[in-house]
Each structure stands twice: as structure tokens, then as C-alpha cells.
1. Report yes if some residue within segment 629-646 is assigned by TED's automatic domain parsing to the domain that holds Pro773, of a type outside the set (Phe, Trp, Tyr), in contact with a helix residue (DSSP H, G or I) (Cβ under 6 Å, 6 or more places away or on another chain) and not in a helix (DSSP H, G or I); otherwise report no.
2. Take the residues of segment 496-535 that are surrounded by fewer than 18 Cβ atoms within 10 Å (Cβ to Cβ), in a helix (DSSP H, G or I) and among the small types (Gly, Ala, Ser): which is modelled with the highest pLDDT?
3. Limited to segment 405-423, what total is found for residues that are farther than 25 Å from Glu380 by Cβ and either in a strand (DSSP E or B) or touching a strand residue (DSSP E or B) at 6+ places or on another chain (Cβ under 9 Å) (or both)?
4. Could you pull out the residue among Pro694, Pro652 that is under 25 Å from Leu533 (Cα atoms) and at pLDDT 90 or above?
5. Collect the residues in segment 76-91 that are modelled with pLDDT of 75 or more and crowded, with 16+ Cβ neighbours inside 10 Å, keeping them in residue-number order.
6. Hey, does segment 153-171 have a residue that's outside the structural domain of Thr68 (by TED's automatic domain parsing), in a strand (DSSP E or B) and either in contact (Cβ under 8 Å) with a residue 60 or more places away in the chain or under 20 Å from Pro284 (Cβ atoms) (or both)?
7. Being in contact (Cβ under 8 Å) with a residue 60 or more places away in the chain, within 14 Å of Val401 (Cβ to Cβ) and not in a helix (DSSP H, G or I) is the filter here; which residues of segment 357-376 pass it?
8. Please give the number of the condition His772 fails out of (1) outside any helix (DSSP H, G or I); (2) free of Cβ contacts under 8 Å to residues at least 12 places away in the same chain.
Amino acid sequence: MGTNEIFPFGDLLKNYRKRKHITQRNLAILLGVHYNTIWAWEQGDYLPGTRGIVLELARLLDLDTSDTGALLEASLTALPPYWNIPYQRNAFFTGREVYLKKLYHLLGAEQEVHSTQSCVLSGMSGIGKTQIALEYAYRYHHEFSAVFWLAAETQESLITSCTSIAAILKLDEQHQKEQYKILSAVKEWLTFHRQWLVIVDNVEHLEVIRPVLPAARQGSLLFTTRLQTLGSLAPVIPVERMSHDESRTLFLIRRAFSQDLHPSPSTVEEHMTDSIVALLDGLPLALDQAGAYIAKTGCSPSDFSTLFNANPFQLLDEREHLATYPFSVAKTFTLSFSRIQQTNPAAAALLGICSFLAPDAIPEALITENIGCLDAHVREWISTPFTWQTLFEDLLSHSLVNRHAHTKTISLHRLVKTILTQALPEDDRRIFLDQALCLVNQAFPALFEQIEYWSWCEQVVPHALTVLHHCEQETLSSLYRSELLTKTAAYLTVRARYNEAEKLYQHMLALQQQTLGRIHAEVAGTLNQLGKLAYWQGKYAEAETNFRQSLDIRENVLGSLHPDVAACLNNLGDLSLKQGQYAEAERLFQRALLIREKAQGPMHSAVALPLNNLALLYFMQERYTEAEPLYDRALQLREQSQSSMQLELAFPLNNLAMVYAALNRYEEAEALYRRAIRIREQAQGSGHPDLASPLTNLADLSVKQGKYHEAAALYQRALKNLEESLGSDHQEASYCIRGLAELAAKQGEEKQAEEMFLRALQIQERALGQHHPELLELLCELAQLYRFQQRYEEAEPLYQRALAIGKEAFGPSHKRFRVVLQHYTALLYTTQRNREAAQLEHLYASLSEDVPHM
């Protein structure tokens with residue numbers, strides 16, 4: 001309007017509407033209200049009910065930042081005659097409708113007055129308690145005859161507030177020098193009047209506010225506090241962090257309003273906005289501060305995210321320069337921590353230690369059962385149940401932690417963790433980090449491979465990963481760090497969490513090379529483990545590099561006949577087998593077997609592994625009579641040295657069952673498959689990807705036996721295990737998909753079969769290349785489907801490609817080549833290319849006797 005004068009809301013709205021050249025009726029239609037509503041607003045009969053409506057009016061009328069602010073301010077002018085709220089309404093208040101509805105239900109002036117017409121908003125600093133109370137006062141002021149605000153941090157702030165209220169009420173005692181008389185006068189007024197709302201903000205100590213609370217209550221009391229309870233004074237509403245949607249809206253509105261932008265981000269900014277919202281973890285003060293910083297500096301969300309990740313403490317300490325709120329996020333939490341250090345150093349130490357763990361679900365047992373890791377003054381507080389409970393009083397009083405009785409865990413807000421780990425002096429950081437590292441290392445069970453310990457391991461792992469990350473940042477070197485790295489990486493490997501395990505082994509490798517040098521047995525061990533992880537993830541080139549480096553080091557350090565050398569040879573043999581290099585695989589397996597037998601004796605259980613792998617090679621070459629005795633021997637070695645339910649038994653059981661199935665000994669094969677499955681379930685859990693192999697093999701057997709329903713369930717279960725652990729495009733998944741495709745084809749579901757065959761083929765080609773022997777049957781099966789559908793032009797190149805692979809990999813006299821040749825010949829006859837078909841038929845006859853169809 002060109003001046004600082006505050007105009008009535010109706011006049012402003014009419015002026016802006018006419019400037020936009022829009023009628024009351026059209027504006028009402030755009031806003032989604034009755035046109036009489038616009039008329040009533042402009043007449044001054046009543047005001048819009050929410051800030052959101054005012055902002056929407058501003059958007060529809062294309063108002064700039066200044067005019068929008070004026071319209072918002074004007075919407076708040078019709079207040080009760082007795083009004084003492086020291087803050088303006090927050091134009092950026094967002095969401096929190098659940099809390100406002102609860103407050104209205106408990107405190108609304110129309111509710112029946114009773115002793116419980118009061119409630120407490122409880123939560124950590126910066127969570128928005130005061131802003132919710134402020135919005136409630138403005139939104140529902142028309143329901144109260146008087147609305148007052150008491151600042152309850154200290155006795156001095158309370159007296160100041162009461163003095164202001166006494167002046168508004170024109171009480172005789174307002175000028176009394178005896179301050180208690182002012183408190184008594186305000187209390188007396190509240191006792192004998194009705195329909196008032198008093199907001200008692202930031203209660204620190206109950207004794208401070210008791211002198212002003214009326215015993216006979218005819219109005220509503222709303223308290224805000226960091227304390228988790230005010231005893232019997234009022235029921236508590238815990239204020240939690242904002243939801244993702246609320247957080248996102250607040251951040252965007254705060255940024256957009258200050259920059260005079262529309263609060264909808266561009267497509268490019270969507271992902272980065274979500275990233276910032278996640279970093280700030282639903283804390284309204286931090287979200288508002290981030291939006292204000294971006295608005296002030298003009299930086300992009302991407303720039304802010306980069307700055308925050310590099311130095312979060314500095315950004316979170318910017319608030320004092322950007323707004324009227326008294327403290328920044330960083331200052332708010334560091335002040336609380338300083339107070340706790342003064343009143344209870346042991347509680348502060350516990351909080352400092354927890355700040356180096358994951359912020360959620362810290363098991364109390366992790367601390368109480370490993371107190372030897374802690375300093376003496378902290379151990380004293382944890383040594384008995386009573387002092388352990390007492391330790392939390394100060395932490396809970398500042399809402400810096402949450403304690404979950406039903407799970408016996410502790411949690412703290414992510415920004416509390418971020419600020420403390422950066423704000424602590426360097427010496428304190430290293431002390432707390434060292435103790436956190438010790439706690440987690442001690443808590444991690446040595447028997448993590450056993451399934452009965454997995455539940456506890458899953459509780460510890462997030463804290464292990466977090467404390468190891470802090471060790472890397474702080475360059476903390478200790479025996480505990482190496483031990484925890486080893487245990488965590490090995491556990492994640494057991495649980496098939498290969499990506500996470502790989503990062504830890506890479507970290508371990510860097511540490512070992514730095515401290516031990518590049519030519520060391522421990523370095524070789526880590527390289528070998530990294531090779532296995534890459535192999536399991538289908539990254540074969542990377543696996544080969546790691547295996548060969550490990551082999552070179554072990555041969556150099558340990559000698560060429562050491563059992564660890566045999567382990568590398570076995571792994572390289574597995575890789576060669578997977579890549580169809582059968583001659584090289586046989587050489588490596590034979591060498592590994594020789595080393596094991598010489599170094600450990602022919603009856604040692606370790607000999608079973610190269611025996612099993614060599615037998616698998618023979619099986620894949622259809623040399624069943626050579627494979628079976630090797631599997632039998634491997635199985636006997638495992639059973640002689642270990643329990644019949646040990647995990648190592650699953651390998652030879654599964655593979656021997658494959659031989660039995662190939663020899664049509666179905667009952668024997670099924671019994672072994674089920675035993676292998678049972679062992680894996682008991683040792684690794686029902687969702688482990690290693691279960692896919694026996695499940696798929698049993699499904700293949702079920703298809704042969706005509707049990708299609710059971711086969712489909714087994715394929716689906718195997719595929720689910722693989723997809724959840726390794727991803728839907730892992731090579732192992734292609735076997736399950738291929739099985740489902742074959743099953744669909746047998747049941748006449750040709751379209752579904754084609755889709756699955758193509759998906760399996762794409763996965764295999766991506767993992768193994770275009771010419772791998774394992775593609776032969778898959779190509780032939782897809783060609784068969786096309787042939788039966790009379791799609792001959794599509795089938796022929798698949799047959800030709802399969803023939804080329806079979807000839808190169810197995811030779812023209814091999815059964816696999818001859819079977820494909822037979823099918824291709826049939827296609828040529830069907831398409832009336834009799835001369836070509838006769839030539840192939842002659843070739844087929846010259847190779848060997850006829851063989852069964854596929």
C-alpha cells in the first residue's frame with residue numbers, strides 16, 4: 001500500500017482484488033469457497049480461519065512478498081480485548097494439524113471446564129513446541145475472552161510476563177514493588193474469570209510456575225517444556241519431528257517466500273530438496289534456518305547440501321544472524337549439553353559416547369553389559385539399576401535423548417548427534433569415540449555366524465558401521481578398530497549384504513597396506529575376500545584381479561604349497577568354471593586338491609572343497625561317472641569331521657543330488673536337495689541367496705516329476721531371495737527366471753514364457769558375454785518356443801548362435817551341440833529347406849549315435 005500503516009483485512013483484500021481485475025464470485029470459485037465468503041471478508045464480518053487460506057489468496061492475486069506480508073498481518077488484527085502474546089503469528093507455520101486438533105479437543109473454550117482442561121507440549125529444543133502453541137493462540141483466539149503468555153524459563157521472566165498481564169487487565173497491584181503481590185493478583189483474576197487461555201512457555205522448573213497457577217480453574221492452560229512430564233499437572237502431548245511432507249513444505253515455503261519465488265521446486269531441484277529435508281530430520285528450527293540461509297545467500301539447494309555435508313556445525317550456527325529466534329540450532333543444543341555437564345558430568349559423558357553411535361535404537365544392554373569400556377566416574381552410575389535410572393534424569397529433562405521402555409533402547413535426534421560430534425573439543429571427541437568403539441566391539445558376539453545370534457547382531461551392526469565411520473574421520477587407530485572391522489565385514493558377508501561388506505573390506509585393505517605394506521599375508525587374505533565378494537556380485541573381472549593379487553602375495557610370502565594358496569586356486573577355478581573356461585578350471589582345481597592333500601592329508605575336511613569343485617566341473621561336462629565318486633568322497637569328509645547339520649555339508653549334498661537327478665534317480669536326488677535346503681535354512685535363515693541353488697534345483701526336479709505347482713513356488717521363492725539380496729539383474733536370478741519360463745511354456749502360457757526367456761537371456765549376456773557356454777540351452781529353448789509358434793525367422797538365428805557356442809565350447813561331437821543340431825535340422829525341414837536339412841542330418845549321423853531330445 002506504500003506505507004507502514006496497517007489497513008483492515010477487508011480493505012486490503014478488496015484493493016488487491018480490484019487491482020487484479022477479478023470479481024468476488026470468480027475469486028471465490030478459484031479459492032473453492034462460497035462467493036458470500038469473499039463478500040463477508042471484505043465487509044470485515046470475519047477473517048479467514050487459517051494462514052494457508054491467506055497465502056492462497058495472495059497466490060491467486062499475484063501478490064509480491066511485501067503485499068503478502070501485509071495481508072497476513074491484517075488477518076491477525078481482530079484479537080480478544082485481553083491479549084498478551086509477545087510474538088507475531090508465524091507466516092511460515094506449516095502442518096502440525098494433528099497437534100492443533102488435539103489441543104482444540106482438550107482446551108477449546110466450548111469444552112466443559114474441569115481440572116484436566118490443560119495439557120503439555122513436550123519435546124526437544126527446536127522441535128516446534130512454542131510455534132504450535134503460538135499458532136493455536138492465533139487460530140482459536142476468537143474462542144477465548146483473554147489470551148495470555150507466560151515466559152516460564154526463570155522466575156524473573158515469569159514476573160515480567162505477569163507484570164505485563166496485570167497492566168493489560170488494569171489491576172490495582174500492577175505497580176506494586178512486592179512482586180509476589182503481582183503474581184497473586186494475576187492468579188486471583190484467573191481464578192474468578194472464565195474462558196481464558198494461558199500459555200506457559202518453556203517450563204524448566206515446576207516450583208517457578210506454581211505461584212501463578214489457579215487452584216480452581218475456569219480456563220485453559222497450555223504448557224510447553226523440554227521435560228517429558230510435569231507430573232499430575234497436565235496430560236502430555238509429545239511433539240515429534242515433522243513428517244517428510246511437512247518438512248519439505250516448510251523448507252520450500254521458507255525459501256520461496258524470502259526469495260519471492262513460487263514454493264514449488266523445479267524438477268531439477270526435487271531430489272536435492274528431499275536430500276536436504278532428510279539431512280535435517282524433521283526439526284522445524286533447522287528447516288527454517290536452512291530455508292533462511294538459502295534465501296539470504298542465494299545459493300542453490302545443491303550448494304547448501306555440499307556445504308552442510310562438509311561443515312554442518314557452521315551452517316547450523318548461522319541462525320542468530322538471520323532471524324529473531326534467540327538461538328541457532330547449534331547453540332541450542334550446545335547450551336543444553338553445557339548445562340548437563342555442570343549438573344551431571346556422567347550423563348554428559350553418556351550422551352557424548354552415544355553421539356558416536358547410530359542415533360536410533362541404541363540398546364541399553366550395549367552399555368550396561370560392557371561397562372569396563374567406560375571411565376570410572378561413568379561406571380559408578382551404571383553399576384546399579386538405581387543409579388542407571390537416575391543417570392537419565394538430566395538427559396530426559398532436556399529432551400536430548402528418548403528412552404523406549406518396551407525395547408530397552410535409547411535414541412537421539414540426528415542433529416543432536418551431528419552438532420555434538422563436531423562441537424566437542426578434540427580431546428573429548430577422541431575419548432568418547434574410543435569408549436564407543438570399545439562398547440560396540442565388546443558387544444559384537446564372536447559367534448556371529450550362528451543364526452541364534454543374528455537378532456542381537458542386527459541391533460549392533462548400525463552402531464558398528466557408525467563408529468567405524470567416525471574412526472575413519474578422526475583417524476583413530478586401535479586394536480578395537482581392526483577387530484570391529486573384521487567382525488562387522490564378516491557378519492555382513494554371512495548375511496549376503498555384499499555391498500556393505502565390500503566397503504569395509506576396502507577400508508580394511510587400505511589400513512593393512514598402510515601399516516603392514518602391500519606384500520603381507522593379511523593383505524592377501526583381505527584381497528581374497530574382496531575377490532569372493534566381487535564374484536558373488538557377478539563382477540568377474542574385478543574378482544579375477546583380486547584373486548590373482550592374493551595368489552601372488554601368498555605364493556611369495558607363504559610358499560606355493562601352503563593351504564591358503566590352495567584357497568586362491570579354488571576361487572580362481574570357480575571363476576574359470578563360471579566363465580566357461582573348463583580346461584583352466586580343471587587345472588586349478590587339480591592343483592588345489594594336490595596342495596590340500598599334501599599339506600593337510602587326504603582325509604582332512606579341507607580337501608572336500610576342491611573335490612566338490614572338481615566334481616562340479618565334471619558334472620557340467622556331463623562326466624557323471626567321474627563326478628559322483630568325488631561328491632561322495634567330499635560328503636564323507638564333511639560328515640566325518642563335522643555335525644551333519646553343518647553348513648559345509650550343503651555344498652556336496654546339493655551337487656550330488658544334481659548328479660542323481662541327471663541319472664534319473666529322482667527320489668535320491670529329492671532327499672538330498674531337501675536336506676541341503678534344511679541345513680541352509682537353519683544356518684543362514686530362510687531368506688539367504690545361497691538357498692536359491694538347492695531351491696532351483698529342486699524346482700527343476702519337480703518339473704521333471706510333473707509337479708508344476710510345487711516347482712513354481714520353489715522358483716518364486718528362490719528368485720525372491722536373490723532379488724532381495726543381490727538385485728533382480730544378478731546372474732543367479734536368471735536360472736530361476738529360466739525355470740519359470742520353461743514351466744510357463746509347458747503350461748501353454750507362451751507370452752509369459754517368451755518374456756521370461758528374454759529377461760533371463762539379457763541377464764546372462766550382461767553377466768557372461770555373448771558367447772558363454774551357459775547361453776546355449778537358453779538360446780535353444782527360446783528358439784524352440786518361436787519354432788512352435790511358427791516364428792521361424794526369429795528362431796533360426798538363435799539356433800545358429802547356439803550351434804556356434806556349442807561347437808566352440810564343447811566340440812561338434814558333444815551331446816549339447818548335437819541336440820541343438822537336431823532341433824535346427826527339424827526347423828529346416830519345416831520351412832521346406834530340405835537340401836540344407838539333409839546335409840545337417842548327414843552331419844548329425846556322422847558325429848555319433850542318436851541322442852534323446854532336449
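The values are calculated or read from the model by the stated rules, or taken from the named source; none is laboratory data. In this text, all values refer to a predicted model and were calculated from it rather than measured experimentally. Because the Cβ atoms are built from the backbone with ideal geometry, glycine has one as well, and the counts that use them run over all protein chains shown.
1. For segment 629-646, residues assigned by TED's automatic domain parsing to the domain that holds Pro773, of a type outside the set (Phe, Trp, Tyr), in contact with a helix residue (DSSP H, G or I) (Cβ under 6 Å, 6 or more places away or on another chain) and not in a helix (DSSP H, G or I): present.
2. By that ranking, first place goes to Ala521.
3. 2
4. After ruling out the rest, the residue left standing is Pro694.
5. Our first condition is that a residue be modelled with pLDDT of 75 or more; within segment 76-91, this holds for 82-90.
Of everything in segment 76-91, those that are modelled with pLDDT of 75 or more and crowded, with 16+ Cβ neighbours inside 10 Å turn out to be Tyr82, Asn84, Ile85, Arg89, Asn90.
6. Looking through segment 153-171, none of the residues is outside the structural domain of Thr68 (by TED's automatic domain parsing), in a strand (DSSP E or B) and either in contact (Cβ under 8 Å) with a residue 60 or more places away in the chain or under 20 Å from Pro284 (Cβ atoms) (or both).
7. Within segment 357-376, Leu357, Ala358, Asp360, Ala361, Ile362, Pro363 qualify.
8. Among (1) outside any helix (DSSP H, G or I); (2) free of Cβ contacts under 8 Å to residues at least 12 places away in the same chain, His772 violates only (2).
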